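See below for the structure under consideration.
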Amino acid sequence: MNDLRHYFHAQACNNAWSNLRLLRACAALDDAEFAAPRAGFFPSLKDTLNHIVTVDWLYVDALERAVAGRAVNPDAARFFEPPAPFATCAALAPAQREVDRRLIALCAGLSDLSPTVSIQRADHVQREPLVRVLAHLFQHQIHHRGQAHAMLAGTAVKPPQLDEFFLAEEAPLRAEELAALGLREADIWPGAPSARAADGTEA
């Protein structure tokens, strides 16, 4: 269990869990607050969260192609046309959930970490080791979620805790959220005791 493949899978699950928490909080904002100008690399929660989705589309597509032995996507620029395809959190959340699901499935199915990932850039095809692309993608997500978290702190909605990973003692505290993602503690940490949610159901 304690190998790099397992770590990438755990990271993908943690990424989905963090996105669930963040987007549940953002869903409490009205559409005007979601799109309101705020200090950050991108000028609003709407633009920041759209950026996470569109970049995920680019990299997850490239990773899936590499693992399947398929050619580079020559039309990768379409993932950013338009750069912010979702005007509301309600529209964005399902798209983020779907690409998170794809990333979890990809990491869960990794049997070989040696493929080279090809990414179509504006003027060339960038080729990188799969392990570097995954590490880069997770860092990108964490970086921009942090910015969104800070923006949310400027609203009436309390920002959710995002600095958690998977401490064993705290498994019952995340059971409901993992269940909402279709995950169980044992799916992420094989051999770990099953956590039970507050309602007593197995997580």
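The values are calculated or read from the model by the stated rules, or taken from the named source; none is laboratory data. If you're wondering where the values come from, they're calculated on a predicted model, not measured in any experiment. Note that each Cβ is placed from the backbone with ideal geometry, even for glycine, and that neighbours are counted across all protein chains shown. Just so you know, the surface numbers come from the protein's heavy atoms only, side chains and all, with ligands and any DNA or RNA stripped out. Shrake-Rupley method; radii C 1.70, N 1.55, O 1.52, S 1.80 Å.
Structure notes:
- Scanning the range 176-189 for residues that are part of a loop (DSSP other than H, G, I, E, B) and open to solvent by less than 40 Å² (accessible area, probe 1.4 Å) yields L181, L183.
- Residue count, the range 8-40 (criterion: open to solvent by 40 Å² or more (accessible area, probe 1.4 Å), assigned to a helix (DSSP H, G or I) and either hydrophobic (A, V, I, L, M, F, W, C) or over 20 Å from R101 (Cα atoms) (or both)): 4
- All of (1) open to solvent by 30 Å² or more (accessible area, probe 1.4 Å); (2) part of a helix (DSSP H, G or I) hold for P74 with one exception: (2).
- Cβ-Cβ contacts under 7 Å between residues 6 or more apart (or on different chains), taken from a first residue in the range 108-127 that is over 17 Å from H6 (Cα atoms) and at pLDDT 95 or above to a second residue that is open to solvent by less than 50 Å² (accessible area, probe 1.4 Å) and part of a loop (DSSP other than H, G, I, E, B), are listed as S118/V72; Q120/V72; Q120/N73; V125/V72.
- Contact annotation: residue pairs with Cβ atoms under 7 Å, 6 or more positions apart or on different chains, pairing a residue in the range 91-103 that is farther than 23 Å from H6 by Cβ with a partner that is open to solvent by 50 Å² or more (accessible area, probe 1.4 Å), are A93/A27.
- Residue, nearest to V67 (Cα to Cα), within the range 97-145, restricted to residues that are open to solvent by 30 Å² or more (accessible area, probe 1.4 Å) and of a type in the set (D, E): D112
- Restricting the range 57-71 to residues that are assigned to a helix (DSSP H, G or I) and without any contact (Cβ under 8 Å) to a residue 24 or more places away in the chain, the residue that is surrounded by the fewest Cβ atoms within 10 Å (Cβ to Cβ) is A68.
- Within the range 150-170, the set of residues being under 21 Å from the mean Cα position of the chain (by Cα) and open to solvent by 60 Å² or more (accessible area, probe 1.4 Å) comprises A150, A153, K158, Q161, D163, F165, L167.
- Considering (1) surrounded by fewer than 18 Cβ atoms within 10 Å (Cβ to Cβ); (2) of a type outside the set (D, E); (3) within 17 Å of the chain's Cα centre (by Cα), the lone condition that L173 does not fulfil carries the number (3).
- When the test is whether a residue is more than 30 Å from A186 (Cβ to Cβ), touching an Asp or Glu at 6+ places or on another chain (Cβ under 6 Å) and either aromatic (F, W, Y) or touching a residue at least 12 places away in the same chain (Cβ under 8 Å) (or both), T88 passes it.
- Check on P43, under 20 Å from H143 (Cα atoms) and either modelled with pLDDT of 95 or more or surrounded by 18 or more Cβ atoms within 10 Å (Cβ to Cβ) (or both): yes
- Exactly one residue among T54, T48 is open to solvent by less than 40 Å² (accessible area, probe 1.4 Å), free of Cβ contacts under 8 Å to residues at least 60 places away in the same chain, part of a helix (DSSP H, G or I) and among the hydroxyl-bearing types (S, T, Y), and that residue is T54.
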